[in-house]
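**Student:** Quick one: the structure is below, questions incoming.
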Amino acid sequence: MLKKIFINSSILFSVRNSSTIAQKNPKPFSKIPTVSIFKLITGSLPGGKYYKKSLLDIGKSLNEEYGDILRIPSILGNDEMIIIFKADDFETVFRNEGIWPTRKALVTLKYYREKYKSDIYSNYGSILTGDGEKWYKTRTTVNPILLKPKVVESYRGIIDEVAKDLVEEMKNIRNDKSEMPGNFLDIIVAWSAESIVSVVLGKRLNMLSGRSNDENAQKLMNCIRQFLEQSAQFELGVSLWRYYESKAFKELIKVFENLTNVTSYFVNEALEKFENEKGDENVENSVFVSLLKINKEITTVMVMDALTAGVDTTALILTNLLYMLAKNPTKQEILRKEIFQFLPEKSSIPSYENMKQLSYLRACVKETFRTMPLILGSNRVIQNDVVLSGYQVPKNKNIALTFTQELVNPKYYPEPQKFIPERWLRDRTDNKCPHATESNPFSFMPFGHGSRSCIGKRIANMEIELATANIIRNFKLEWHYPDIKIRNALFNIPDSEMKIKVLDV
Ligand code: HEM
């Protein structure tokens, strides 16, 4: 064992040394290890090494096989892509992303919006799929409303109200073994949709407790689920859709159309309400109303993006977190102790001051992002020539940053497979605890980085923290099944029934 550790650490050392030299004498771009898309496709067929593998495993195999940088040449509508795995390289890319960073993602949604919905995006680009100056105009207008802590704080009451509805729903839907139904993820998606709609539009859909008879609310949920499931094959595979619109592609376009229609319905409804209540000082605060006072066009664009990007993401992280707490009862008890200390009553609404004290809760959220990442990474088109992992990479190349390998790098996160929230605490009492706060900040970016990072991160964190605090305040969670499997959709999603046991405390 010792010999193994010695060999591993000497490899690490020699790689580090040689990489320093390589940064000074970089190898030419043409020498970057290259994997053909043909090899990737055949590897994904039955019998191939990537067949039925999760994206996490595919990323790991590519890193092991080709090293810290590899190139996939352009083919049939897919741009050439450089894939990187190392935190130091991520830093280089982000420092060279330019003032209007370009991310080539959600390409089918972008295509749909440009081809069929140019009227909505004529003056202001989408935050999610737009680029250049039009993206910048929208982003800088919305930033103060979605990212300023004081403004986000004003949504605490409504987010807590929805979290308490989720707790009631969990009481109602547990079976005679006190377990959640297999489709618990759908309930959490309903919670997430309810939360973001109430923040953004100031409207309750009442989707929890089966109370909603609003057919548009149901439509919204269906569209978001279909988007998650159906767009993955086009995002991740060869872009043949650029040449030929298959039946599956046409169905995806229909999903985008439905999603746009249902969102437009909510936007128009909110507009009408706003017009009727104009001048009334008691009009409820919402992102919508705040933005509307600035610019109506941007308001529509922002609602489209928030409902597209802000539902499944948050729902999946809360699901993963509850699962991790159920599987780690000792950590769950530490968290419950902290929550009892600051929230003695089940009905209390956690204040800003209360939540600031819940450092173990925030550590549990971070450790969930690390151990069960939602996405493989992000990408940027670099604006300058750079050196990555010892190779020259000219400007304008599309770089895919694969975050997941660093999340389990023992150099940054000792005992990486273990769920250890303590590693995120600043004032550690246990000195033996592996410490993440000293690790490279570019090794942990669940919301991305820079001016194109997630605009919903503060809202998402508040939703997750309030839901978890309320759930752990009310229930003890247990897991009595084998470890869940993860499958590929647009995100990494659980492929097992989420039958978490919930017992009253
Ligand atoms: C736990 C929940 C969430 C996670 C993990 C997450 C993660 C991400 C990531 C990784 C990016 C790309 C960042 C980059 O390329 O640097 C992103 C972008 C984005 N997210 Fe989120 N997100 C979450 C929740 C939300 C919510 C609630 C909203 C709703 C407002 C939202 C709206 C967006 C938008 C509009 C973008 C595009 C930003 C831009 O390109 O300027 N996200 N998110």
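The values are calculated or read from the model by the stated rules, or taken from the named source; none is laboratory data. For clarity, every value in this text was computed on a predicted model and none was experimentally measured. Cβ placement follows ideal geometry from the backbone for every residue including glycine, while neighbour counts extend to all protein chains displayed. Side chains are part of the model used for accessible areas, which takes the heavy atoms of the whole protein and leaves out ligands, DNA and RNA. Shrake-Rupley method; radii C 1.70, N 1.55, O 1.52, S 1.80 Å.
**Student:** I need the fraction of alpha carbon pairs in region 114-238 separated by more than 22 Å, rounded to a whole percent.
**Tutor:** 55 percent
**Student:** Just the accessible area per residue of region 322-426, please: how many Å² with a 1.4 Å probe? Working shown, then result.
**Tutor:** Details: 4470 Å² over 105 residues.
Ligands and nucleic acids excluded, the result is 43 Å² per residue.
**Student:** State log₁₀ I(q)/I(0) for the chain at q = 0.09, 0.10 Å⁻¹ as given by the Debye formula over alpha-carbon point scatterers of equal weight, solvent excluded.
**Tutor:** Relative scattering, expressed as log10 I(q)/I(0), comes to -0.67, -0.84.
**Student:** Next up: Scanning the chain for helices, which whole DSSP H stretches are 24 Å or more long along the axis (Cα) and average -1.0 or more by Kyte-Doolittle?
**Tutor:** Details: long enough: 2-24 (33 Å, 0.25); 156-173 (26 Å, -0.24); 184-201 (25 Å, 1.89); 247-277 (45 Å, -0.35); 457-474 (26 Å, -0.11).
Span-like helices here: 2-24, 156-173, 184-201, 247-277, 457-474.
**Student:** Heavy-atom accessible area per residue, region 436-505, 1.4 Å probe: how many Å²?
**Tutor:** Working: 2670 Å² over 70 residues.
Ligands and nucleic acids excluded, the result is 38 Å² per residue.
**Student:** Taking a point 7 angstrom from the Cα of LEU45 along the C-beta vector, which residues in region 56-85 have backbone N less than 14 Å away?
**Tutor:** Label zone hits: none.
**Student:** Among the listed pairs LYS150/LYS331; LYS104/LYS395; LYS134/LYS296; LYS49/LYS418; LYS39/LYS247; LYS24/LYS395, which are separated by more than 22 Å between their Cα atoms? Walk me through the numbers before you get to the answer.
**Tutor:** Values: LYS150/LYS331 31 Å; LYS104/LYS395 15 Å; LYS134/LYS296 15 Å; LYS49/LYS418 27 Å; LYS39/LYS247 26 Å; LYS24/LYS395 18 Å.
Listed pairs above 22 Å: LYS150/LYS331; LYS49/LYS418; LYS39/LYS247.
**Student:** With the calculation restricted to Cα positions, what are the radius of gyration and Dmax of region 456-505 in angstrom?
**Tutor:** Rg, Dmax (Cα atoms, Å): 13.7, 36.
**Student:** Starting from the Cα of LYS164, draw a straight line to each of the aspartates and glutamates and keep only those under 18 Å, dropping any in the same chain fewer than 8 residues away.
**Tutor:** Straight-line reach from LYS164, under 18 Å: GLU153, ASP186, GLU194, GLU345, GLU463, GLU465, ASP504.
**Student:** Right, next: Quick one: Cα centre-to-centre distance for region 38-82 and region 220-240, in angstrom?
**Tutor:** Computed from Cα coordinates, the inter-centre distance equals 19 Å.
**Student:** Next up: For the full complex of protein chains and a 1.4 angstrom probe, list ASP68, ASP176, ASP89 by accessible area with the highest value first. Can you show the working numbers first?
**Tutor:** Numbers: ASP68 50, ASP176 155, ASP89 10 Å².
Sorted by accessible area, descending: ASP176, ASP68, ASP89.
**Student:** Relative to the present Cα-Cα distance, how much length would full extension add between LYS395 and ILE349 at 0.36 nm per residue of separation? Intermediate values should be presented prior to the final figure.
**Tutor:** Values: separation 46, 0.36 × 46 = 16.56 nm, distance 5.06 nm.
Extra length available between LYS395 and ILE349 comes to 11.5 nm.
**Student:** Something else: Computed FRET efficiency, Cβ-Cβ of LYS485 and SER264, R0 30 Å: what is it to the nearest 0.05?
**Tutor:** Working: r = 37 Å, r/R0 = 1.24.
Calculated value: 0.20.
**Student:** In the chain, with Lys and Arg counted as +1 and Asp and Glu as -1 at Cβ, which of these residues, ALA105, PHE444, ILE69, has the Cα nearest the positive end of the dipole, that is, farthest along it?
**Tutor:** The residue sitting farthest along the positive end of the dipole is ILE69.
**Student:** With r as the distance between the Cβ atoms of GLU65 and GLU133 and R0 = 60 Å, compute the FRET efficiency 1/(1 + (r/R0)^6) and round to 0.05.
**Tutor:** 0.90
**Student:** May I pose another question? Take the solvent-accessible surface of the protein heavy atoms, probe 1.4 Å, and return the percent of it on region 47-180 that carbon and sulfur atoms account for.
**Tutor:** 51 percent
**Student:** Suppose every K and R has +1 on its Cβ and every D and E has -1 on its Cβ; what is the size of the dipole of region 274-403 about the Cα centre, in Debye to the nearest 20? Don't skip to the end; give the middle numbers.
**Tutor:** Values: 15 positive and 14 negative charges, 159 e Å.
With only Lys, Arg, Asp and Glu charged at Cβ, the dipole is about 760 debye.
**Student:** Turning to a different aspect of this structure: From the residues GLN341, SER389, PHE90, which one has its Cα farthest along the dipole of the chain in the positive direction, the dipole being from +1 and -1 charges on Cβ of Lys/Arg and Asp/Glu about the Cα centre?
**Tutor:** SER389
**Student:** Can you find, among PRO181, THR140, MET170, the residue farthest towards the positive end of the dipole of region 123-197? Put +1 on the C-beta of Lys and Arg, -1 on that of Asp and Glu.
**Tutor:** Selected residue: THR140.
**Student:** What accessible area per residue comes out for region 45-96, rounded to a whole number of Å², with a 1.4 Å probe? Could the numbers behind the result be given before it?
**Tutor:** Details: 2490 Å² over 52 residues.
In whole numbers, region 45-96 has 48 Å² accessible per residue.
**Student:** Any idea how far apart ASN206 and GLN341 come out in nm if each label point goes 7 Å out from Cα toward Cβ?
**Tutor:** The two pseudo-label positions are separated by 4.1 nm.
**Student:** Sticking with this one: Pull up the DSSP beta bridges for the chain and report the antiparallel fraction as a percent, rounded to 5.
**Tutor:** On the way: 21 of 26 bridges.
Here the share of antiparallel DSSP bridges comes out near 80 percent.
**Student:** Could you rank the peptides 260-272, 336-348 by their average count of other C-beta atoms within 10 Å per residue, with the highest value first?
**Tutor:** Numbers: 260-272: 16.5, 336-348: 14.2.
Per-residue mean Cβ counts within 10 Å order the peptides as 260-272, 336-348.
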